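*Asks:* Quick one: structure below, then a few questions.
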């Protein structure tokens with residue numbers, strides 16, 4: 001078994017990469033709903049998350065690279 005170098009350029013194989021909105025608009029035009037959320041999914045999500053968001057606790061910021069806010073540590077030790 002030996003190591004092989006991989007040479008792959010998307011544009012060489014498939015042509016230029018389209019912009020994100022160009023792909024999205026093309027999906028709409030051809031009826032591809034893969035990247036879209038259905039209305040009933042949105043309604044169910046709101047039913048699940050709305051009560052949680054209404055009970056939201058205070059936000060405890062903490063510096064990047066640390067293990068988290070002191071409030072989390074206090075909660076863990078209870």
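*Asks:* Find the residue count for the range 28-51, including only residues that are part of a loop (DSSP other than H, G, I, E, B) and within 19 Å of the chain's Cα centre (by Cα).
*Replies:* Looking only at that region, the number is 6.
Matching residues to (1) touching a helix residue (DSSP H, G or I) at 6+ places or on another chain (Cβ under 6 Å); (2) surrounded by fewer than 10 Cβ atoms within 10 Å (Cβ to Cβ); (3) in a loop (DSSP other than H, G, I, E, B); (4) modelled with pLDDT of 90 or more:
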residue	(1), (2), (3), (4)
26	no, no, no, yes
53	no, yes, no, no
62	no, no, yes, yes
67	no, yes, yes, no
72	no, no, no, no
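The values are calculated or read from the model by the stated rules, or taken from the named source; none is laboratory data. Please read these numbers as outputs of a predicted model, since none were measured by experiment. So basically every Cβ, Gly included, is an ideal-geometry build from the backbone, and we count neighbours across all protein chains shown.
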